[in-house]
Amino acid sequence: MIFNKENKYRDEIIALGKKLYDLRLVVARSGNISQRIDENCILVTATGTSLGSLTHEDIIKVDLSSSADMKKDRLTSEFPLHSLVYKNFPSKVVIHCHPTLINAYFAVYPDIKPITFETKLYLDNIPIVEQDTPTITKPELVINALKESSIVVIKNHGVISIADKFSDALYIIETLEEAIKVAAVARIFKKDIFDELDKGIKADLESDKSFLMFSQEHIQAIVDLVNKDEAIRKKGGELDLTVKLVIKMDGAGKPFRFNFEKGVITKLDSEEDAPFIISAPTDVWEMIFHGKIDPFVATMQGKMKLKGEFGKLSRWYVPFTKVFEKFRMVKIK
């Protein structure tokens, strides 16, 4: 039974390798793939192999709890990164590839301006990690970046994507590659469109005051900013943003319920009765409030949990995007 399971996984890796090659996300002998078998064991493509023509023998089984296995012959030079991913995240698959357009774009630009809704919803801020060599010699930097996003760009090298299944890891790579295509075409039409790349709202507000995260004062300061914003009020009125939304921090503090009426928060309380409840661990909320990840993106990537139908919430995407911008503008201690 275990043998059949491993062979099934090997077949999946072979199929993915061919797809990556056919999509030209890898060429020659570049890139590597891995998949978790169980808590300790993974399968990873060997060094020097072409992902477009893999065989079962090109895929190595490694027990991460075995020091001997960690030194097996033919292990890819990127194996330390793969092993650290599985030790730090519950993810079940890792794709490392070298997309042409992504590499070219981030070689000259430090960020991507979200033109389409898909770019904003699925990607938001893409972490960029600098490396000094052709091989990833500082995997701990990539691990830290993966805490912000399920996809990370390694400058002048490629990307790494993690997920629970290969299709999800591949889709986010394809989404970024497509976003770069859109950016390139947009620049043809208007050459100055990326002369000042959007960096999100990170300016200080009216004072330098900071708050304890998820304190009453912290959330109230956000409410005050939202209610002062004419754009939120206008769009909220047009779209009838009338709903109750709860935000909560896993395992700590009290929940906060925003009672919206046509884009205005008319009441802030601590009830949990609401059609939409957004929850996340402390470290994820810190990234949200520091502007390192967008709540919509965090939800799509599974870093935040949403109780309620995302499709219904997304009808208010525009005003809620502006609301979440206010989250970033209030300083936390």
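Being more than 27 Å from the chain's Cα centre (by Cα), surrounded by 16 or more Cβ atoms within 10 Å (Cβ to Cβ) and without any contact (Cβ under 8 Å) to a residue 40 or more places away in the chain holds for only one residue in Ile37, Ile60, and it is Ile60. For the criterion of being modelled with pLDDT of 90 or more, surrounded by fewer than 17 Cβ atoms within 10 Å (Cβ to Cβ) and among the β-branched types (Val, Ile, Thr), Ile143 fails. Of everything in the range 108-128 that is assigned to a helix (DSSP H, G or I) and more than 12 Å from the chain's Cα centre (by Cα), the residue that is surrounded by the fewest Cβ atoms within 10 Å (Cβ to Cβ) is Val108. Does Tyr105 fit the bill of being more than 18 Å from Ala298 (Cα to Cα), crowded, with 17+ Cβ neighbours inside 10 Å, modelled with pLDDT under 95 and among the hydroxyl-bearing types (Ser, Thr, Tyr)? In short, yes.
Residues that are under 21 Å from the mean Cα position of the chain (by Cα) and closer than 13 Å to Arg36 by Cα within the range 63-87 comprise His82, Ser83, Leu84, Val85, Tyr86, Lys87, listed in sequence order.
Any residue at all in the range 129-141 that's within 29 Å of Trp316 (Cα to Cα), assigned to a loop (DSSP other than H, G, I, E, B) and either touching a residue at least 24 places away in the same chain (Cβ under 8 Å) or not assigned by TED's automatic domain parsing to the domain that holds Phe324 (or both)? Within the range 129-141, none of the residues are within 29 Å of Trp316 (Cα to Cα), assigned to a loop (DSSP other than H, G, I, E, B) and either touching a residue at least 24 places away in the same chain (Cβ under 8 Å) or not assigned by TED's automatic domain parsing to the domain that holds Phe324 (or both). Scanning the range 119-135 for residues that are among the aliphatic types (A, V, I, L, M) and in contact with a strand residue (DSSP E or B) (Cβ under 6 Å, 6 or more places away or on another chain) gives Ile126, Ile128, Val129. Among residues of the range 282-308 that are farther than 19 Å from Phe89 by Cα, those with a beta-carbon under 7 Å from a residue that is of a type in the set (Ser, Thr, Tyr) and part of a helix (DSSP H, G or I) at least six positions away or on a different chain give the pairs Leu306/Thr299. If you go through the range 65-102 and keep only what is among the acidic types (Asp, Glu) and surrounded by fewer than 15 Cβ atoms within 10 Å (Cβ to Cβ), you end up with just Asp73.
Scanning the range 271-314 for residues that are assigned to a loop (DSSP other than H, G, I, E, B), hydrophobic (A, V, I, L, M, F, W, C) and either over 24 Å from Val152 (Cβ atoms) or at pLDDT below 90 (or both) yields a count of 2.
The values are calculated or read from the model by the stated rules, or taken from the named source; none is laboratory data. This one's a predicted model, so the numbers in the text were calculated from it and none came from an experiment. For neighbour counting, all protein chains shown are included, and Cβ atoms are generated from backbone atoms with ideal geometry for every residue, glycine included.
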